[in-house]
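No value in this document is a laboratory result; all are computed from the given coordinates. All figures in this text were calculated on a predicted structure; none of them were measured in a lab. Every residue, glycine among them, receives a Cβ derived from its backbone with ideal geometry; neighbour counts consider all protein chains shown.
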Amino acid sequence: MSDRCAPPPSPTTPSTASWRRSSRSTGMNNCVETALFGALLAVRDSKDVDRPPLRFSAAAWSTFVTGLAPRGADPHGTGRHPIS
């Protein structure tokens with residue numbers, strides 16, 4: 001199994017999950033929400049919170065976020081770009 005792949009998700013999410021929404025969200029519910037779910041990051045559509053969330057390992061999420069950033073940007077706020 002690749003370190004970028006998370007184990008298959010279970011069909012339920014604990015009710016104790018603390019979901020967070022981007023501070024840049026417009027309030028119109030067209031965004032995603034994230035929550036820590038054990039060692040995984042759970043991601044769900046804010047318009048459809050009853051569907052099971054997607055779950056990602058830390059490595060997979062980091063790779064995804066890095067891929068979103070413009071070349072030369074610092075997506076993690078570390079003061080350097082992770083891809084040189």
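Can you list residues from other chains, or at least 5 along the same chain, whose modelled amide H is less than 5 Å from the amide H of residue 25?
Sorted by chain and number, the residues that satisfy this come to none at all.
Please compute the length gained on full extension between residue 50 and residue 21, using 0.36 nm multiplied by the number of residues separating them and subtracting their Cα-Cα distance.
So the chain would gain 8.8 nm between residue 50 and residue 21.
Short version: ³J(HN,Hα) in whole Hz for each residue of the stretch 48-57, in order, from phi by Karplus 6.51 cos²θ - 1.76 cosθ + 1.60 (θ = phi - 60°), x for Gly and Pro, what are they?
9, 6, 7, 6, x, x, 7, 10, 10, 6
Within 15 Å, Cβ to Cβ, of residue 28, how many net charges do the neighbouring residues add up to if Lys/Arg are +1 and Asp/Glu are -1?
Every neighbour counted, the sum reads 0.
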